[in-house]
Amino acid sequence: MIEENGVKSQLIEGRNAVMEAFRSGKPIDKVYVLDGCQDGPIRSIVREAKKHDTILNFVTKERLAQISETGKHQGVIAMAAAYEYAQVEDMLELAKEKGEDPFLILLDNIEDPHNLGAIIRTANLAGAHGVIIPKRRAAGLTATVAKTSAGALNYTPVAKVTNLVKTMEELKEKGLWFVCADMGGDIMYHVNLKGPIGLVIGNEGEGVSRLVRETCDMTASIPMKGDIDSLNASVAAGVLAYEIVRQRLG
């Protein structure tokens, strides 16, 4: 295991081990490759990583040595997800099995694993059918996320998609509406959050990115009476998720 930015992930070191991980279908979040290395096995791994749309980081020999646990990395180290990712279709199927309108939570720019874990926990308790995260600028399913989710990761599917906007557009064709958490939006109590819905949450600093926000059908804000201007992302997700629950129960 490696700890990077406070996050523990499983390491796979060495050319054969990394290539075998890809071939076996193991979910790989990131690959570190020795910058400038152009031999055949490394080129094959780079091709495989690109085919799976895995994040590639080209780094120095010193950086690889710093990451390595075995000292036998052979110029390549992969970081594997601690848990398997689901497919978006699995979430729609889960909603169908339960006889419920789909309720998905989509996360944009959530890079803190503690926030991700807490949101997965909330998603489970609020009855959401899954959580969708982008491949880039997002925390993966690490051991830290699993621990923070308090076991919810075992029950709530999480999908990792290449393009959040494209995924939203595909889900719109299947009848989903999207509401974006935004301080400039309508007060959440005045927004119709019933029916098949996707709740989009960004981080408390930058919020939701422009293209994702523009793809949403509605924006909703949480009324705040205090002296600071934003909630933690996982708390905001919880407040809005339970407004969706309230409206569904009503």
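Within the stretch 34-58, restricting attention to residues that are in a helix (DSSP H, G or I) and of a type in the set (Gly, Ala, Ser), which residue is surrounded by the fewest Cβ atoms within 10 Å (Cβ to Cβ)? Before the answer, list the steps.
Residues of the stretch 34-58 in a helix (DSSP H, G or I): 40-51.
Cutting the leftovers down to of a type in the set (Gly, Ala, Ser) gives us 40, 44, 49.
Working: Gly40: 8, Ser44: 14, Ala49: 20.
Restricting to residues being in a helix (DSSP H, G or I) and of a type in the set (Gly, Ala, Ser), the top hit is Gly40.
May I ask you to verify whether Ala123 is open to solvent by 30 Å² or more (accessible area, probe 1.4 Å), hydrophobic (A, V, I, L, M, F, W, C) and either out of contact with any Gly (no Cβ under 6 Å at 6 or more places or on another chain) or farther than 19 Å from Cys180 by Cα (or both)? Working first, answer last.
On the way: open to solvent by 30 Å² or more (accessible area, probe 1.4 Å): no; hydrophobic (A, V, I, L, M, F, W, C): yes; either out of contact with any Gly (no Cβ under 6 Å at 6 or more places or on another chain) or farther than 19 Å from Cys180 by Cα (or both): yes.
The answer is no for Ala123.
For the condition without any contact (Cβ under 8 Å) to a residue 40 or more places away in the chain and closer than 21 Å to Ala86 by Cα, what is the one hit in Ala152, Ala159, Ala146?
On the way: Ala159 fails: without any contact (Cβ under 8 Å) to a residue 40 or more places away in the chain; Ala146 fails: without any contact (Cβ under 8 Å) to a residue 40 or more places away in the chain.
Among Ala152, Ala159, Ala146, only Ala152 is without any contact (Cβ under 8 Å) to a residue 40 or more places away in the chain and closer than 21 Å to Ala86 by Cα.
What's the total number of residues in the stretch 77-96 that are farther than 18 Å from Gly25 by Cα and open to solvent by less than 20 Å² (accessible area, probe 1.4 Å)?
So the first thing to find is which residues in the stretch 77-96 are farther than 18 Å from Gly25 by Cα, and the list is 89, 91-96.
Narrowing further to those that are open to solvent by less than 20 Å² (accessible area, probe 1.4 Å): 91, 95.
So the answer is 2.
What's the number of the condition Lys172 fails, among (1) at pLDDT 95 or above; (2) basic (Lys, Arg); (3) under 16 Å from the mean Cα position of the chain (by Cα)?
Every listed condition holds for Lys172 apart from (3).
Go through the stretch 78-102 and count every residue that is more than 26 Å from Arg63 (Cβ to Cβ) and in a strand (DSSP E or B).
Within the stretch 78-102, residues that are more than 26 Å from Arg63 (Cβ to Cβ) and in a strand (DSSP E or B) number 1.
What strands (runs of 3 or more DSSP E), lying completely within the stretch 132-246, carry at least 3 residues that are over 30 Å from Leu11 (Cα atoms) and open to solvent by 40 Å² or more (accessible area, probe 1.4 Å)?
On the way: elements: 158-161, 177-187, 197-202, 218-221.
Of the strands (runs of 3 or more DSSP E) lying wholly inside the stretch 132-246, those with at least 3 residues that are over 30 Å from Leu11 (Cα atoms) and open to solvent by 40 Å² or more (accessible area, probe 1.4 Å) span 177-187.
Could you tell me which numbered condition Glu100 fails, if it satisfies all but one of (1) modelled with pLDDT under 95; (2) surrounded by fewer than 17 Cβ atoms within 10 Å (Cβ to Cβ); (3) more than 22 Å from Ile55 (Cα to Cα)?
If we test Glu100 against (1) modelled with pLDDT under 95; (2) surrounded by fewer than 17 Cβ atoms within 10 Å (Cβ to Cβ); (3) more than 22 Å from Ile55 (Cα to Cα), just (1) comes out false.
Condition check: over 26 Å from Pro157 (Cβ atoms) and charged (D, E, K, R). Does Arg43 satisfy that? Let's see the steps before the verdict.
Working: over 26 Å from Pro157 (Cβ atoms): yes; charged (D, E, K, R): yes.
So Arg43 fits the description; yes.
Any idea which of (1) under 17 Å from Pro134 (Cβ atoms); (2) free of Cβ contacts under 8 Å to residues at least 40 places away in the same chain is the one Gly36 doesn't satisfy?
(1)
Is it true that some residue in the stretch 6-25 is touching a Phe, Trp or Tyr at 6+ places or on another chain (Cβ under 8 Å) and either of a type in the set (Phe, Trp, Tyr) or not in a helix (DSSP H, G or I) (or both)? Spell out how you get there, then give the answer.
Pass one, the stretch 6-25, residues touching a Phe, Trp or Tyr at 6+ places or on another chain (Cβ under 8 Å): none.
No, there is no match, as no residue in the stretch 6-25 is touching a Phe, Trp or Tyr at 6+ places or on another chain (Cβ under 8 Å) and either of a type in the set (Phe, Trp, Tyr) or not in a helix (DSSP H, G or I) (or both).
Report every pair of residues separated by at least 6 positions or lying on different chains whose Cβ atoms are under 9 Å apart, first residue within the stretch 57-68 and under 8 Å from Leu34 (Cβ atoms), second among the small types (Gly, Ala, Ser).
Phe58/Gly36; Lys61/Gly75; Leu64/Gly75
Return the residue satisfying two criteria in turn: it lies in the stretch 7-21 and is touching a helix residue (DSSP H, G or I) at 6+ places or on another chain (Cβ under 9 Å), farther than 14 Å from Ile42 by Cβ and open to solvent by less than 40 Å² (accessible area, probe 1.4 Å), and of such residues it is modelled with the highest pLDDT.
Ile12
Considering only the stretch 13-35, I want to know if a residue exists there that is under 22 Å from the mean Cα position of the chain (by Cα) and more than 30 Å from Glu170 (Cβ to Cβ).
Scanning the stretch 13-35 turns up at least one residue that is under 22 Å from the mean Cα position of the chain (by Cα) and more than 30 Å from Glu170 (Cβ to Cβ).
The values are calculated or read from the model by the stated rules, or taken from the named source; none is laboratory data. In this text, all values refer to a predicted model and were calculated from it rather than measured experimentally. So basically every Cβ, Gly included, is an ideal-geometry build from the backbone, and we count neighbours across all protein chains shown. For accessibility, only protein heavy atoms count, side chains too; no ligands or nucleic acids. Shrake-Rupley method; radii C 1.70, N 1.55, O 1.52, S 1.80 Å.
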